[in-house]
Amino acid sequence: TDANNNPVEAQGDSFFKSVEETEDSVTFIMANGNKIVMPKASGTYLKFENDANEPFFVIDAGKSIKMKVKVSNITSLELIQIPTGWKAFLHVPNKELQIVAPMDDTYGVKEVIIRGLDKNGMVYQAIAKVSVSGKAYSDPNGLFVLNEGNMTTETGSLIFITPDKQVMNNLYFTMNGRRLGNSAQDLFIKDGKMYIISQNGGTSATGSTFDSDGRLIVANAETMQNIAGYDDELSSLSMPSHVAVLNDENVFIRDNKGVHIFNITTKELNLIAGTRGAAKNRMAVADGKVFVIASKKIFVLEANRLDIAHTIDMGVNISGLLRAKDGNLWVSTTGKPNKIAKISSSTYGVIKENTITEGSLGAGWGATPGITAKGDTLYYSNAGTTIYRHIFSTEETKMMIDAKTVVPNSGMIYNNIAVHPISGKVYMTTIKGYGWDFLTNNISEFDFSGSEPQLSANYTDHTRFPAGIFFSADFQ
């Protein structure tokens, strides 16, 4: 520009007309058309690359993808390893690997390895993690187990058990190449998306860091592939433990301060006034509202409101709260005597209340409800290994089984039992004990449909401090 800041035409070699950059060089094009080419001093390297800048690729079975390879000062390349049954072709001039996964490929993370040599004969190796994309994780007949993980050394993880009893460990990591937050606590499914909350995100309480996608992670509930992750936006939360969702503008998160509304669209986080004391237990969504246990009361929360819309006073401590199949609420209380009540989600009145005379309805120290329901049949275990059944319509209660009599190493229950809303089978997660005994554990499935209770399946040594059992059918 001239003295008056008006543009003037470039003259001679003193001005650049444009700059062109490639992987190997930078070219300066002068105003007169001359070019100066400067090679990049990049050293020697060999690596896979993609848009996420992660050496992780999710591939549709039976379809081909091209994996880009980035190299510098490598004189030769060769393919060393691909998963069994896969097909691959390394196109050296194009710096890409074309690969196809078979239609019947098995679940899990696998490796692709290429090797290169530099002019001095030094060996360089690039490793990519690959996985076949999933499509059936929203199957209502399956179930999820969310793991907290060891809070000092690892993140949470997600297990999916298929209707044909295949156990898929580390599901989120397998589909994304990154991990859940440290000390994962709860999940919620809404409109085809799964929302997973953890206490510490990518940094543990002891300062360890992990390759996590955040405190709140949103994933596609069908494929389990990441949609979004939020960490910095939720940094003011104090040990968040539970999540419930009305829509993306009203994501309710419970922490030690109370219940907050997080707006995913605007990234705003606001504490709902008066909710301090909200219990570390699951929230229920019914009639377009969120219901939250708070000692002897239930807070009723509504979309876009930063105050409590209504309070239901049960008069005694509440151990469990869940949505009933008819859209109302099941509530368990631990006064004398213990009771199970059905509460209207619209008028907040008691529809019916039954006294429990066998066993107790406590939730223990865990963060899951003390009751679980399929239709009007409820189960409870008082945070122990003895399971009771209560049929609400007939007021019949029966002790069904003590898991310790049929499940090896079931030293203690870790979070509460859950009944599948379709099959009616009851699931329990147990560990042998604390210390390293937590690695000896069970996910046990009980069938109470016959004349005698049966242990119909038992999955050993898959959990890492299970935070809860979840069924996508409960969210449909």
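Since every read-out is calculated from the coordinates, none of them should be taken as a lab result. Keep in mind that this is a model prediction, so the values were computed, not measured. A quick note on method: Cβ atoms are made from the backbone with ideal geometry, for glycine too, and the neighbour counts reach across all protein chains shown.
The table for this structure:
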item: Order by protection proxy (mean Cβ within 10 Å, highest first), peptides 148-159, 320-331; result: 148-159, 320-331
item: Pairs from Lys325/Lys352; Lys165/Lys280; Lys289/Lys374; Lys280/Lys432; Lys352/Lys425; Lys190/Lys339 whose Cα-Cα separation, in the structure shown, is over 27 Å; result: Lys165/Lys280; Lys190/Lys339
item: Highest-first arrangement of 248-257, 372-381, 165-174, where packing means the average Cβ count within 10 Å; result: 372-381, 248-257, 165-174
item: Neighbourhood net charge (9 Å Cβ-Cβ; Lys/Arg +1, Asp/Glu -1) for Thr75; result: 0
item: Computed lengthening from Ala303 to Glu21, 0.36 nm per intervening residue step minus Cα-Cα distance; result: 96.5 nm
item: Relative contact order (%) - the chain, alpha-carbon pairs under 8 angstrom, separation at least six; result: 8
item: Most to least packed among 361-370, 103-112 [average Cβ atoms within 10 Å]; result: 361-370, 103-112
item: Spin-label model distance (nm) - Lys35 vs Met103, 7 Å beyond Cα toward Cβ; result: 4.8
item: R0 of 35 Å, Cβ-Cβ distance Gln166-Tyr434: FRET efficiency to nearest 0.05; result: 0.75
item: Prolate/oblate/rounded label for the range 76-171 (Cα gyration tensor, a/c 1.5); result: oblate
item: Calculated [θ] (222 nm, deg cm²/dmol) that DSSP helices of n ≥ 4 give over the chain, each run adding -39,500 (n - 2.57); result: -500 deg cm²/dmol
item: From the coordinates shown, volume of the Cα convex hull per residue in Å³ corresponds to which of (1) 145; (2) 171; (3) 203; result: (3)
item: Length added when fully stretched, Glu96-Gln225, from 0.36 nm per residue minus Cα-Cα; result: 44.0 nm
